[in-house]
Amino acid sequence: MNTRDHYEKIVRHTDSVPSSHSAFSLYPFGLCPAGSFFAVLALLAAVWLRPHVVGTRSATVALVSAGLFGFTTVFELHDPIGSLSRRQRQRLAKLIGLEAFRMLVVTSQRLRDDSIRLLHAGKFLIAPNGADPVPPNGEPCSLSGTFKVGYVGHLYKGKGMEIISAIAPRCGWATFHIVGGTPGDIEYWTAKLAKCPNTVFHGYVPHAATYAYLAEMDVVLAPYFRDVEGQGGGRNIAEGMSPLKLFEYMAHGKPIVSFRPVSYTRSFEG
């Protein structure tokens, strides 16, 4: 399911758009570094636009949207309930009891079951992740190496760089291309793999441009652990993961090498 289809499915399930509307407009407000600024900006935009439905992944935006302004509100949850902070869980509990709250959108049956058990939520839509179509006339970028192994995504703890850093020095016949990561994460892994010339870090690439890198890769990796750190750290998101990159890998028709999830107690050093 691509981005447009994903949001259309959500909106149709709210029953908030008149049946006469065969099409509708989406007004995306992406995440920005300052979370509070993003929340205010999104809410001001909603007040101005008067939308049929407000969809958000911010518990704060959802609570204010439904509780203060009375907008029909959908909250989208991608992380396990247990990984949320106490404040986030409190806000979700309040949100679910509001009349304007329409439903909780989750990406997997596991997240739905956990939400029922821990939040006693009753209005759900399971909307699995998917990928947008690959641009038909997109130009691939030029990657070094005769056999190119790729990884696209964040380099947070548990996402798999621990495994990649262990196997790359043993596979001199392949070149490992790592796309993504914060400057701090890239600096850490670049230093760790300083003596491994077949590993190339490309840094952050806008999501829309990642297809050019994927097009050039011969095989792609999804090496997750049992404990996967989410954005901001300090929480394990592994139980509720539905990795978007896997769908994007498949959309490109790439062979995928994944790994049975392992615990951090096991070492990949040496």
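The values are calculated or read from the model by the stated rules, or taken from the named source; none is laboratory data. Small disclaimer: the values here were computed from a predicted structure and weren't measured. Ideal geometry is used to build each Cβ from the backbone, glycine not excepted, and the neighbour counts take in all protein chains shown. These area figures cover heavy atoms from the full protein model, side chains too; ligands, DNA and RNA do not enter into them. Shrake-Rupley method; radii C 1.70, N 1.55, O 1.52, S 1.80 Å.
The table below lists the values:
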{"read-out": "Estimated inter-spin distance, residue 41 and residue 57, nm [label 7 Å along Cα→Cβ]", "value": "1.6"}
{"read-out": "Contact order normalised by residue count of region 47-182, Cα under 8 Å, 6+ apart, percent", "value": "17"}
{"read-out": "Charge dipole of region 63-171 about the Cα centre (unit charges at C-beta), most positive-ward option of 125, 93, 163", "value": "93"}
{"read-out": "Inter-probe distance in nm under a simple model that places probes 7 Å from Cα toward Cβ, at residue 219 and residue 257", "value": "0.4"}
{"read-out": "Solvent exposure, largest accessible area first (probe 1.4 Å, DNA, RNA and ligands not counted), of 258, 65", "value": "258, 65"}
{"read-out": "Region 55-99: relative contact order in percent, alpha carbon pairs under 8 Å with at least 6 residues between", "value": "45"}
{"read-out": "Between region 68-145 and region 43-65, the alpha-carbon center distance in angstrom", "value": "15"}
{"read-out": "Net charge dipole size for region 115-227 [Lys, Arg +1 and Asp, Glu -1 on Cβ; Debye, nearest 20]", "value": "460"}
{"read-out": "Cross-link pairs 94/157; 157/254; 192/254; 159/192; 157/245; 148/195 - those with Cα-Cα distance over 26 Å", "value": "94/157; 192/254"}
{"read-out": "Value in Å of the Kirkwood radius, where region 91-230 supplies the Cα pairs that are averaged", "value": "17.8"}
{"read-out": "Unit Cα scatterers, Debye sum, region 105-176: log10 I(q)/I(0) for q = 0.12, 0.27 Å⁻¹", "value": "-0.65, -1.16"}
{"read-out": "Difference of contour (0.36 nm per residue) and Cα-Cα distance, residue 173 to residue 205", "value": "9.0 nm"}
